[in-house]
Amino acid sequence: MFLSRQVDSLRSELRARLPEMLPGRLGVAVSGGGDSVALMHLLQGIAQRESARLFVITVDHGLRSEAAHEAKVVAEQAAQLGLSHETLRWGGWDGAGNLQDRARQARYSLLTDWARGKDISAVALGHTADDQAETVLMRLGRAAGVTGLAAMPFQRHRGGIELLRPMLGITRQRLRDYLTEIGVGWIEDPSNQDNRFDRIKAREALSNLEVLGIMPETLSRVAENLAQAREALALFAQESARKVARVEAGDILVDRVGFAALPDEIRRRILVGAVLWIAGRGYPPRQTAIDQAEEALLHGRAGAIGGCLLIPQGHNMWICREFKAVEGLTVAAGAQWDGRWILTGPATAGARISALGESGLQCLPDWRAIGRPRLALKSSPAVWQGDALLAAPLAGYANGWRAEPAPEWTEFHTSILSH
């Protein structure tokens, strides 16, 4: 009876954090660790009850020799529950950048690509209250604001897929107690003992804070409270952006006077939202870069941030794609270019889509009549056949071609709510 109550309680808490209507096809990412194994077992019961199909996926980052065996263990556990299982493999770290961040980004990309290919609309992840608390501590160390301290959201849209974290209010210990009670084992990742990683340092620090009443559940609730504040600020930022910023052919034109009259927090949200909308980066630029860009915008100075340029023009500021960020980017006609544009037109052998660039501008003597800055036009998509410019729809030279936003490229003012 005790076990039944524990299982019911965990499932109830988990279910409360899932969409009201459970997707008919739901993915669950399982590494073999206690958190994700518990998630798989709990979700299996929920999916059965609600006539949903559950698909298990494991990501092998190729960083440890034991990973392949761990994926095999997960496959066996999934089979015992009557669930299908697949393993995705990352090519591995090339030594550039931060290892944990690169691995995390690769994991999300692999998961969302897999889900789209399987017609799965959502993937559940095994992050717990402990993970949330550790994230809050690490971001405190970076002097994060409301958005940073709100930490991980319960639900996030990425690449057309919903990433769900239904266990952010459940502690790691409760999940392990549950697995022990039902007689299911799990794998301990040795990297969880590696003090070189900030997350492990945060985990140790958190254990020392319990004497002050600062527990994983406490910090998880703090993050949830701040998430509510973040949503309120996002709504205010969206309303303000509609008044001071408008979209011009994929660029953002900001009224500097109206922008300067806004509270600093709202100004930052609009600026970051514009950069993420144009450059498509998963994470906002560093705080120092945001500060410098905000100063440039307020004082009408040119600048650059996160793959975008700030170009002053009278009382306005253009925020547009930086040419060097798309220089050399080439796709076939009809394919998505820079994650934003799709160019279609007459069937033309050898037609390709690349940035207009300086050579393209030289073919358009009337480009100034458009009213957009030269640097903004340079980074716009154009149609080429060899060295010949066939069209530049966003620069006033359509020639039978048109540029349309990619389907998943959300409208700018709407996108502010998701950052």
Potential extension, GLU181-GLN155 segment - 0.36 nm per residue separation minus Cα distance: 6.5 nm
Specify which residue in the list LEU390, SER379, PRO216 is farthest towards the positive end of the charge dipole of the chain, using unit charges on the beta carbon of Lys, Arg (+1) and Asp, Glu (-1), about the Cα centre. LEU390
Counting every C-alpha pair in the range 154-264, the percent lying more than 17 Å apart is 75
Using a 1.4 angstrom probe on the protein heavy atoms only, could you order THR147, THR180, THR58 from most to least accessible area? THR180, THR147, THR58
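Placing unit charges on C-beta atoms (Lys and Arg positive, Asp and Glu negative, everything else neutral), compute the dipole magnitude of the range 112-189 about its Cα centre in debye, rounded to 20.
On the way: 10 positive and 10 negative charges, 67 e Å.
In debye, rounded to 20, the range 112-189 gives about 320.
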In vacuum, with every alpha carbon of the range 312-375 counted as one equal point scatterer, what does the Debye formula give for log10 I(q)/I(0) at q = 0.12, 0.18, 0.23, 0.29 Å⁻¹? Two decimals, please. -0.39, -0.84, -1.17, -1.27
Tell me the Kirkwood radius of the range 188-337: reciprocal of the mean inverse pair distance over distinct alpha-carbon atoms, in Å. 18.3
Name the long-range amide H neighbours of LEU309: under 5 Å, sequence gap of 5 or more, or other chain; modelled H, no Pro or chain starts. CYS320, ARG321, GLU322
The range 298-346, accessible area per residue, ligands and nucleic acids excluded (1.4 Å, Å²): 44
GNM, the chain, Cα, under 10 Å: largest mean-square fluctuation among MET21, MET40, MET317? MET21
Other-chain or far-sequence residues with amide H under 5 Å of GLU162's (modelled H): ALA122, VAL123
Carbon plus sulfur fraction of accessible area for the range 328-416, probe 1.4 Å, in percent: 54
Which trypsin sites (Lys or Arg not before Pro) in the range 190-267 sit in a loop by DSSP (not H, G, I, E or B) and have at most 13 other Cβ atoms within 10 Å of their own Cβ? ARG196
With every protein chain kept in place and a 1.4 Å probe, the range 108-160 has an accessible area per residue in Å² of 39
Taking the alpha-carbon centroid of each part, what is the distance from the range 39-68 to the range 358-419 in angstrom? 43
Which ³J(HN,Hα) values, rounded to whole Hz and listed in residue order, are derived for the range 324-333 from phi using the Karplus coefficients 6.51, -1.76 and 1.60 in 6.51 cos²θ - 1.76 cosθ + 1.60 with θ = phi - 60°, glycine and proline given as x? 5, 6, 10, 4, x, 7, 9, 9, 6, 4
Neighbour net charge for ASP113 - beta-carbon separation under 14 angstrom, K R +1, D E -1: +2
Inverse mean reciprocal Cα-Cα distance (Kirkwood Rh) of the chain, Å: 23.9
In square nanometres and to one decimal, what's the mean projected area of the convex hull around the Cα atoms of the range 218-305? 6.3
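The values are calculated or read from the model by the stated rules, or taken from the named source; none is laboratory data. Computed from a prediction, not measured in an experiment: that's the story for all the values here. Reconstructed Cβ throughout: ideal geometry from the backbone, glycine too, with neighbour counts over all protein chains shown. In case anyone asks, the SASA skips ligands and DNA or RNA and just uses the protein heavy atoms, side chains included. Shrake-Rupley method; radii C 1.70, N 1.55, O 1.52, S 1.80 Å.
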